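Some notes on the structure that comes next.
What follows is calculated from the coordinates using simple rules that are stated; it is not laboratory data. What you are looking at is a predicted structure, and each value in this text was computed from that prediction instead of being measured. All Cβ positions, glycine included, derive from the backbone under ideal geometry; neighbour counts span all protein chains shown.
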Amino acid sequence: MVFSLRQLRTTLAAPLLIAFTTPAPAATPEVAVSEAAIVPLFPQKERDPKKGLPPGMTAVSFWAGHGAAKITKLADGKVLTEFDFEGLIPYGVYTLWNVVETEPFKDEPYTEFGAGKHAVVADGNGRAHKVVLRDSWPGKEFLLDYHADGKLSQAAGVYPGALWGKFPPPPER
């Protein structure tokens, strides 16, 4: 049997194409060292936001959001956080913040900063889900900031504290 060079290249390319385009099986998740801590997330009190409400919104629509954060310490020392939000502004742009200190106030992005890594966008029903792997246990509190202008900059369109939660201390083991 004689093959042309074109037939041979096509025959060899097909298995390579399948090998490179077939998704690899998901990595087995790390074994948890601690039971997951569930942190309920609530809207801040109306007097707490420093900028008031976004234009065109009522207190009821802005504070309709709620959610939970499930925090698990893994065997390698990293911390897995799964955020589930509901009642957000449909297609709203939000950012996740880790409050390290409350007096004086100091916060940082909950995950890596840049390219929207600490951002979450609600779907058309106002729901959002985000999974974050951190190197360490988070600080004291969590804040979800709303970006009324849809931008991730520190522009005038940022409304801090759409949701808030208090983190438990890190597990002992």
*asked:* For a test of the definition: using alpha carbon positions, the gyration tensor, and the 1.5 limit on a/c, classify the stretch 37-166 as rounded, prolate or oblate.
replied: prolate
_Computed label-point distance, nm, for sites F105 and K166 using a 7 Å Cα→Cβ extension_ = 1.8
